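Below is one structure, written out as structure tokens, with a few remarks after it.
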Amino acid sequence: MAKVIIIGPAYPLRGGGLTTFNHRLSKELTTQGHDCQIYSFSLQYPSFLFPGKTQYSDEPAPEGIIIKSVINSINPFNWIKVGNRLKKEKADIIIVRFWLPLMGPALGTILRRVKKNKHTKIICLADNVIPHEKRIGDKPFTRYFLKSCDAFITMSEKVLADLRLFQKTMPDGRQAKPAYLVPHPLYDNFGAIILRQDARTHLNLPLNEKIILFFGFIRKYKGLDLLFEAMADERIKNAGIKLLVAGEFYEEEKKYREQIDLLGIKDQLMLKTDFIPDSEVKYYLCSADAVVQPYRNATQSGVSPLAYHFEKPMIVTNVGGLPALVPHEKAGLVTEPEPKAIAESILKFYQLGEDYFIPHLRTEKQKYSWENMVNSIFQLANDIKK
């Protein structure tokens, strides 16, 4: 079996979907008999750059996962030290997560040291190539990182297309480095489905209301303000539909509070805007009738695999990789990223009823296995010429 190292956020960091994904991938690799460990960050973001309240989890450490918190994202001497350490490890495969250009210099430098061992195959698992929120230095930092990798996995067509903008093309039209498109696996590590009434009781939510859910970190590109405007639609108000917002603000909270007051929708909202620990995730998903993702732009979404696991229909906007994940009028509804269209889709969901979507959700979710992700990683590694 192979020796595999994952580079990316892990416990005690609280990195949301990234951390959860890395833990679950490590468990799958270990289950299949591989020697796997995670190299995480001793310092991921300087505190002044971190948008949330804390970078660290107060949950128990995950069992059965080897995590080494050694990477300092802003210390070049550390990058060389860690790179030399990983070079000596001589892993067969390194899977490196890339989600933000800011990490490009650190990860790119570490991987250049690793490549000197002439053995390790480096596969980038790219969540984003072009970031949602653009900053100075994005392109050179990204290019520097990508050059250090041997091959790539993306989880949406959008990210694959963005990757190709940075990749050399061979005379026959092939990309110089292999890249696979692999569906985002289900987040199946948050527990089993529980009864809606039990979930609502646990969260102290009304038992008989119509409740839709916005779940995840609150950032501009996720379009929560569009969903607030949709909630102000008189048809939504008259239908008695409530919105549960579960996730921490990763930008200024004040403007959202002001919008709520301006729209007069306070009584329609239930705001749970602290970080949602892993042990509580199932209660939020299971308490909802449907999950709404009103994004302005998107690559793929970790919320969709979560909704699939808990068999919750989704209302998503027609941006990025979301429509491919959520077949229209099967796993959910696809709509345009503007308030009236979102409101109409919410109303249509209740007209069709949750039971309409459940058979489609159960069929569709079979595509998204962790075994498929691991198999794709090893197939891709075989395509790398050393």
Problem set entry | Net charge dipole size for the chain [Lys, Arg +1 and Asp, Glu -1 on Cβ; Debye, nearest 20] | 2160 debye
Exercise. Nearest-5 percent of antiparallel DSSP beta bridges in the chain?
Worked result: 5 percent
Seminar exercise, completed: A correct Karplus calculation of ³J(HN,Hα) over segment 206-215, with 6.51 cos²θ - 1.76 cosθ + 1.60, θ = phi - 60°, whole Hz and x for Gly and Pro, returns x, 6, 10, 7, 7, 10, 9, 10, 9, 10
Problem set entry | For the chain, built as a Gaussian network whose Cα springs stay under 10 Å, the top-fluctuating residue of LEU347, LEU333, LEU160 | LEU347
Problem set entry | Positive dipole terminus of segment 196-367, leading residue within ALA298, LEU347, PHE228 (C-beta point charges) | ALA298
Exercise. For the residue pair ARG362 and ASN375, what label-to-label distance in nm results when each label sits 7 Å from Cα along the Cα-to-beta-carbon direction?
Worked result: 2.3 nm
Exercise. Pick from PRO337, PRO359, PRO105: which residue has the top mean-square fluctuation in a GNM of the chain where Cα pairs under 10 Å get a spring?
Worked result: PRO359
For this session: Tell me which residues come under 5 Å, amide H to amide H, from LEU333 once H is placed; ignore anything under 5 positions away on its chain.
Result: MET314, ILE315, VAL316
Seminar exercise, completed: For segment 196-367, the percent of all C-alpha pairs falling in each 10 Å bin, from 0 up to the bin holding the max distance, is 10, 43, 40, 7, 0
For this session: For the chain, report the translational diffusion coefficient in µm²/s to the nearest whole number, using Stokes-Einstein at 25 °C, 0.890 mPa s, and a Kirkwood Rh over Cα pairs.
Result: 113 µm²/s
For this session: Under 13 Å from the Cβ of VAL4, count the other residues' Cβ atoms, weight Lys and Arg +1, Asp and Glu -1, and hand me the total.
Result: 0
Exercise. Counting only Cα, what are the radius of gyration and maximum Cα-Cα distance Dmax of segment 88-195, in Å?
Worked result: 15.6, 57
For this session: Please list the non-local residues whose amide H lies under 5 Å from the amide H of ILE153, H modeled 1.01 Å from N, same-chain partners needing a gap of 5 or more.
Result: CYS124, LEU125, ALA126, TYR180
Exercise. For ARG135, what is the net charge nearby, where nearby means another residue's Cβ is under 15 Å from its Cβ and Lys, Arg count +1, Asp, Glu -1?
Worked result: +2
Exercise. Which Cys residues of the chain have no other Cys Cβ less than 4.7 Å away and so no disulfide-compatible partner by this rule?
Worked result: CYS36, CYS286
Exercise. What's the FRET efficiency of LEU43 with ARG135 using the Cβ-Cβ distance as r and R₀ = 25 Å, to the nearest 0.05?
Worked result: 0.85
Seminar exercise, completed: Lys and Arg at +1, Asp and Glu at -1: neighbours of CYS149 with Cβ under 10 Å from its Cβ sum to +3
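FYI, it's all coordinate maths here, none of it is from the lab. What you see is a predicted model, and the numbers here were worked out from it, not measured in a lab. Cβ coordinates were reconstructed from backbone atoms using ideal geometry, including for glycine residues, and neighbour counts include every protein chain displayed.
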